[in-house]
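Worksheet: one structure, shown below.
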Amino acid sequence: MGLLLLLTSTLLSTYFHPGSVVNAQRIFTIREITLSVEPSTDVIRDTNVTLRCKAIVSSTGQEALSREYTIYKDGNKVYTKTSSTPEDLLYPLLEARVSNTGKYKCMINIEGKNMTSEAKKLTVTGLSKPVLHLNKDVFSEGEEITARCIASSERGSIFFYFFEDNKEIVERQVNSNQAEAKLHFSSVGIHKVHCAYTVLITPDSVKSEESNAVNVSVKALPITAVLEIFPQSNIYEGDQLVIICSVRNVQYGFDTSTRNLHLFLSQGSQLLSSGDTKMNYSMVALAKDPGEFECRVEMKGLVKVDSKKISVTELFSVPTLTMSPTEVFQREYMTLTCKSESTASERLSREELTYTLDPPESALTPKGRGVFVGHALLHDFNYTCAAQAKGIVKHSEILTVRPTVSVSAPKITVVGRAVLGQPIKILCESDLGSLPINYTLIRGYTDLSTIVVKLPFQQAFFTVNITKPDEISEYMCRAKNSHKIRDGVRSGGLNTNVTVPLTQPTLTVIPHLPEISEGDHLYLICGVKGTPPVTFKWYRDGHEQPLYTTTSNKNNTDYQVPTLSKEHSGTYYCEAFNHANKVRSDRVTIEVRQALWKKVVIGGFCLLAVVVLVVVAVLCFRSKRGQREAAAELSVKPSSPKSDDSLTVNLTHDTEVYNAATVRVDNAAVSVWSERPPEAASDEESSMGSNEPDVEYTEVVHPRPVDPARVPLRKGTDTVYSELQNSPHGAADHHDYGSVEYAELNSEQPEINHYHLEVNNHQDLPVPLD
């Protein structure tokens with residue numbers, strides 16, 4: 001049971017510990033690894049230092065595990081050892097040097113599982129003093145000596161430096177503690193030589209102190225360089241020069257052939273010749289060439305130099321080429337003159353000096369010594385001339401002849417648009433003409449401003465202001481590119497359209513505002529003053545986008561609404577803009593009123609309602625009155641004894657006659673509608689306060705007609721309504737009852753209406769009743 005618990009705990013520790021490993025034979029874990037520096041991390045030179053690597057490993061069984069230790073310095077592997085014992089790894093650094101300075105780490109590897117310690121920094125201070133050795137301390141010029149610098153017991157990457165009179169002359173990098181250098185000394189005398197070194201440690205370096213100084217004596221060689229030039233004085237251009245460069249032995253017995261000598265002859269930067277011991281060189285003297293010559297002797301590191309300067313007098317100066325006149329037009333006659341300003345008359349006659357023009361095909365012909373005449377070309381041309389005498393040739397500088405192109409008549413235009421009241425930019429330019437060109441802006445006969453155009457892409461711009469549109473045509477410009485043309489050439493007047501800014505915006509409404517009603521055709525006319533084309537926009541308050549947009553070549557246009565409705569009521573305005581500005585009209589509020597036919601319909605309905613109410617009231621009143629007027633008497637009689645076609649209707653109450661009417665009938669029964677005057681009404685009726693007339697209906701039945709042929713077979717009755725009303729004086733008004741007329745009722749003052757009754761002769765009359 002105890003063995004089982006031990007095995008379980010071991011397995012758990014193996015799974016959960018990072019350094020644990022399980023294999024078929026052993027179970028182990030690397031618990032810790034540390035690196036220590038003994039005796040200290042900061043030591044001085046020659047101290048014995050030990051790096052101790054200690055690993056703590058837990059494992060099952062008694063058999064030792066195989067351990068591989070690795071020591072790293074600054075990330076580089078420096079030592080590896082395999083051990084089968086649990087003892088610490090010891091890495092000794094005997095007599096430590098500065099090169100041992102660095103960061104160290106220790107890593108252990110057991111059967112593929114490894115662990116690395118933390119880094120430890122070791123610092124070693126102190127370098128040994130270098131020692132300088134020379135193979136000899138006395139030697140001659142150009143002789144080579146060997147110098148050796150030794151850094152005793154130092155290790156690592158070392159830089160050695162050699163100095164002559166405290167000046168560094170040689171540097172060497174080696175991986176040992178000594179270095180050699182070959183030294184040459186350039187001057188005769190005593191020289192002091194020493195050395196030093198630097199040990200490279202990442203990322204710095206440590207420099208040693210200086211070595212011992214050695215004095216070196218350099219003796220002069222018994223040789224010298226000699227330069228000779230003939231003739232030595234009064235040298236003119238064209239003279240033949242002879243130059244000799246040689247080596248001379250100062251001491252007898254000095255063998256130059258064993259010294260590996262070299263001679264070099266040069267003039268300025270040009271090498272003329274080279275040789276071993278002596279050189280002869282010939283040349284023609286030129287005043288333009290440098291007058292300094294050098295003879296140089298080189299022998300290994302030895303250099304001997306001899307130099308001389310000579311003065312060469314010019315036979316003639318460099319010629320100059322000039323043109324007359326200084327300004328020439330295309331195909332105009334011109335003269336080119338080639339001349340040397342100075343000559344050595346004591347050595348050169350005028351006849352010996354000749355001039356030529358280059359190129360020969362320049363179409364100019366000679367006219368005397370150095371004078372060439374002809375016509376200017378149509379384009380630019382480069383000319384040079386040459387002066388020649390006694391084999392000496394000198395060329396002038398290049399003369400570029402640019403024939404002047406007469407300026408053409410300028411064109412005057414407006415840049416952009418000409419807007420009244422704003423600055424106007426005017427461009428004046430010519431298609432042809434050589435630069436520079438003077439452009440002058442003119443108004444009328446007055447010069448306003450001048451601009452000089454000197455560069456190809458430069459232009460003449462002027463800015464003006466005008467107060468009236470027609471002022472623009474008063475401007476013109478003048479172009480001039482030659483003093484020969486006094487007044488230059490002029491352009492015509494400036495011809496362009498002037499845009500007048502928009503003003504006085506108005507919004508006109510048709511029809512007039514009080515007359516606008518539903519169904520009307522509405523016109524919103526927007527007008528301005530200014531230069532078209534004009535873009536118009538109509539807006540309605542509450543809408544960001546315009547209702548309508550149009551561009552017109554007139555100063556006004558309209559927006560139409562074909563059929564108005566109440567929804568078109570609102571506040572309107574318009575905007576107009578051209579190329580100069582934008583303006584806005586005042587706002588106009590439009591109220592769309594109700595249509596007239598709607599008013600008529602509503603009035604008709606109201607009137608009909610009133611009529612219905614009146615009829616109902618009359619019927620009610622009649623019903624009550626019929627009960628109270630039982631004694632009323634109605635008599636109908638013919639209106640004339642001779643006529644059967646008319647009847648007289650009398651309505652009586654007690655003894656008073658209220659109404660009388662004569663009705664013409666054609667053998668038909670007639671119903672008469674009589675209207676009693678207000679004064680015939682009873683007191684009770686008067687107390688009711690009604691202002692309407694009383695209406696009474698009476699039906700009259702007439703016997704069958706005498707002439708049966710005139711009467712239709714069918715029977716029936718026709719009701720004829722007659723309106724009867726007393727006259728203002730109580731007498732009855734008599735009317736023609738052949739027709740019926742309808743008039744509008746007035747509740748406040750009833751109007752007397754006349755109804756003319758016509759009886760249809762073809763209607764059947766009812767049979768008389770007994």
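Out of the residues in region 303-321 meeting the condition of being in a strand (DSSP E or B) and β-branched (Val, Ile, Thr), tell me which one is least open to solvent (accessible area, probe 1.4 Å).
Here the answer is 312.
For region 117-147, enumerate the residues that are at positive phi and modelled with pLDDT under 90.
142
Which of the residues spanning region 390-425 are in a strand (DSSP E or B) and touching a helix residue (DSSP H, G or I) at 6+ places or on another chain (Cβ under 9 Å)?
414, 418, 424
Quick check on my filter: what residues within region 118-146 are in contact with a Ser or Thr (Cβ under 7 Å, 6 or more places away or on another chain), surrounded by 15 or more Cβ atoms within 10 Å (Cβ to Cβ) and assigned to a loop (DSSP other than H, G, I, E, B)?
127, 128, 130
I'd like the residue in region 534-569 that is among the β-branched types (Val, Ile, Thr) and more than 25 Å from residue 594 (Cα to Cα) and, out of all such residues, is surrounded by the most Cβ atoms within 10 Å (Cβ to Cβ).
If we take residues in region 534-569 being among the β-branched types (Val, Ile, Thr) and more than 25 Å from residue 594 (Cα to Cα), then 534 is surrounded by the most Cβ atoms within 10 Å (Cβ to Cβ).
Conditions (1) part of a strand (DSSP E or B); (2) open to solvent by less than 10 Å² (accessible area, probe 1.4 Å); (3) under 30 Å from residue 231 (Cβ atoms), marked per residue:
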position	(1), (2), (3)
323	yes, no, no
331	no, no, no
346	no, no, yes
355	yes, no, yes
362	no, yes, no
382	yes, no, no
385	yes, yes, no
388	yes, no, yes
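Among residues belonging to region 200-245 that are in a strand (DSSP E or B) and polar (S, T, N, Q), point out the one that is farthest from residue 103 (Cα to Cα).
Filtering region 200-245 for residues that are in a strand (DSSP E or B) and polar (S, T, N, Q), the one farthest from residue 103 (Cα to Cα) comes out as 240.
Determine whether residue 578 is surrounded by fewer than 18 Cβ atoms within 10 Å (Cβ to Cβ) and either in contact with a Pro (Cβ under 8 Å, 6 or more places away or on another chain) or at pLDDT 95 or above (or both).
In short, no.
Taking region 510-532, which residues are assigned to a strand (DSSP E or B), at pLDDT 90 or above and open to solvent by 20 Å² or more (accessible area, probe 1.4 Å)?
510, 523, 525, 529
For region 147-186, how many residues meet the condition of being in contact (Cβ under 8 Å) with a residue 40 or more places away in the chain, surrounded by fewer than 18 Cβ atoms within 10 Å (Cβ to Cβ) and either in contact with an Asp or Glu (Cβ under 8 Å, 6 or more places away or on another chain) or more than 24 Å from residue 98 (Cα to Cα) (or both)?
Adding up the residues that qualify gives 4.
Determine the pairs where a residue that is farther than 14 Å from residue 272 by Cα, located within region 291-307, has a partner that is open to solvent by less than 20 Å² (accessible area, probe 1.4 Å) and of a type in the set (D, E, K, R) with Cβ atoms under 6 Å apart, the partner being 6 or more residues away or on another chain.
Cβ pairs passing all conditions: 302/141.
To keep it simple, each residue is scored yes or no on (1) in contact (Cβ under 8 Å) with a residue 24 or more places away in the chain; (2) open to solvent by 80 Å² or more (accessible area, probe 1.4 Å).
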{"site": "432", "(1), (2)": "yes, yes"}
{"site": "462", "(1), (2)": "yes, no"}
{"site": "488", "(1), (2)": "yes, no"}
{"site": "498", "(1), (2)": "yes, no"}
{"site": "503", "(1), (2)": "yes, no"}
{"site": "508", "(1), (2)": "no, no"}
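Tell me yes or no: at least one residue of region 90-104 is among the β-branched types (Val, Ile, Thr) and open to solvent by 50 Å² or more (accessible area, probe 1.4 Å).
So far as region 90-104 goes, no, none of its residues is among the β-branched types (Val, Ile, Thr) and open to solvent by 50 Å² or more (accessible area, probe 1.4 Å).
May I ask you to verify whether residue 341 is open to solvent by 70 Å² or more (accessible area, probe 1.4 Å), in contact with a strand residue (DSSP E or B) (Cβ under 9 Å, 6 or more places away or on another chain), over 30 Å from residue 500 (Cα atoms) and among the acidic types (Asp, Glu)?
The answer is yes for residue 341.
The values are calculated or read from the model by the stated rules, or taken from the named source; none is laboratory data. Since the model is a prediction, treat every value here as computed from it, not as a measurement. Glycine also receives a Cβ, built like all others from the backbone with ideal geometry; neighbour counts cover every protein chain displayed. Protein only, heavy atoms only, side chains kept; ligands, DNA and RNA dropped before computing areas. Shrake-Rupley method; radii C 1.70, N 1.55, O 1.52, S 1.80 Å.
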